[in-house]
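The values are calculated or read from the model by the stated rules, or taken from the named source; none is laboratory data. Owing to the predicted nature of the structure, the values given are computational and were not obtained by experimental measurement. FYI the Cβ positions are ideal-geometry reconstructions off the backbone, even for glycines, and counts take in every protein chain you see. Side chains included, ligands, DNA and RNA excluded: accessible areas come from the protein's heavy atoms. Shrake-Rupley method; radii C 1.70, N 1.55, O 1.52, S 1.80 Å.
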Amino acid sequence: MGRFDGRVAVITGAARGIGFGTATRFAEEGASIAIVDLDETAAAEAAAKLPVVEGARAIGIGADVSDAASVDAAIARVVAELGGLHVLVNNAGITRDNLLFKMSEQDWDLVMNVHLKGAFLMTKAAQKHFVEQKYGKVLNLSSVSALGNRGQANYSAAKMGIQGFTRTLGIELGPFGINANAIAPGFIATEMTDATAARLKMDVEDFRKLNAEANPVKRVGFPEDIAAAAAFLCSDEASYITGQTLYVDGGATLV
């Protein structure tokens, strides 16, 4: 039996990268999966690739997590098509990096809207179902950038905001059988970090090697590393853990 047999998990921004890695792990452990992504075609294609077990399903839903009506429609569709809702992973995110004096108001707002407002709206919509059934798991994606990172004033602020949001969720939702935690990934090899290498005019492998040398375990992380931590924090094994942020960074924040 899998840890998520009979459970329904919603994962935002899961058409690729960390989100897709997490969706894959949850599907392997028995969950029915709803991949929510801005691009519905990409969401549907990703859902079709998931290794769903017998009796489970996977669907792709197009939604803008920064829009309340879009979020409410997505959650309603999940419940109608998959028969319930038990786990929410707020993973959707974007970057609009620049030094503060070059950063536009639009780039600030876009990052805040997707990361913070998106997590707020998705959690608000999901908790209605969680409270009613006295059960739910919320996992928010923060980042080591929450501790400060040059050229990422918007992203850093949003990711630290996620940690405060998570702590408050733990306080407010704990009495209703709901656990809320966060993961703060370090450098993870994804299309997003490969794009950063391109923007810096660096070879992808050189960029990864540089980041691997910056942590004690001397390797970069992969979506599977985050997925493993997510699977634990969203399982009943972690029912006595709430409001916490787990840094999954190869020890980068130790040095």
> For the chain, what % of the accessible area comes from carbon and sulfur atoms, probe 1.4 Å?
Replying inline: 54
> What distance in nm separates the simple spin-label points at Val53 and Asp72, each placed 7 Å from Cα in the Cβ direction?
Replying inline: 3.6
> Around Val53, which amide H atoms from residues at least 5 apart in sequence, or from another chain, sit under 5 Å from its own amide H, with H modelled in the peptide plane?
Replying inline: Gly30
>> For Ile61, what residues show an amide H to amide H distance below 5 Å, using hydrogens built from the backbone and excluding near sequence neighbours?
In response: Ile35, Val36, Asp37
> Here are some values of Rg/Rh (Cα atoms, Kirkwood Rh): [x] 0.95; [y] 1.09; [z] 0.92. Which one was computed from this structure?
Replying inline: [x]
> Given the C-alpha centroids of region 108-124 and region 173-210, what is the distance between them in whole angstrom?
Replying inline: 17
> What pairs from Lys137/Lys159; Lys137/Lys209; Lys159/Lys218 go past 26 Å between their alpha carbons?
Replying inline: Lys137/Lys209
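Stretched out fully, how many nm does the piece from Glu191 to Leu254 gain, at 0.36 nm a residue minus the Cα gap? Each step should come with its number before you reach the end.
Working: separation 63, 0.36 × 63 = 22.68 nm, distance 2.59 nm.
Value of the extension gain: 20.1 nm.
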>> Give me the extension gain from Lys218 to Phe101: residue separation times 0.36 nm, minus the current Cα-Cα distance, reported in nm with one decimal.
In response: 38.7 nm
> Which residue, chosen from Ile61, Asn215, Thr24, occupies the Cα position most advanced towards the positive end of the dipole of the chain, where the dipole is computed from +1 (Lys, Arg) and -1 (Asp, Glu) charges on Cβ about the Cα centre?
Replying inline: Asn215
>> Given points 7 Å out from each Cα along the Cα-Cβ axis, report the Tyr240 to Leu110 separation in nanometres with one decimal.
In response: 4.6
> Could you name the lysines in cross-link range of Lys134, using Cα to Cα under 19 Å and dropping any fewer than eight places away on the same chain?
Replying inline: Lys124
>> Pairs of alpha-carbon atoms within less than 8 angstrom and 6+ residues apart define the contacts here; what relative contact order does region 14-113 have, in percent?
In response: 22
>> If I model a spin label as a point 7 Å beyond the Cα along the Cα-Cβ vector, how far apart are those points for Lys201 and Met1 in nm?
In response: 5.9
> Relative contact order for the chain: what is it in percent, counting Cα pairs under 8 Å that are at least 6 residues apart?
Replying inline: 19
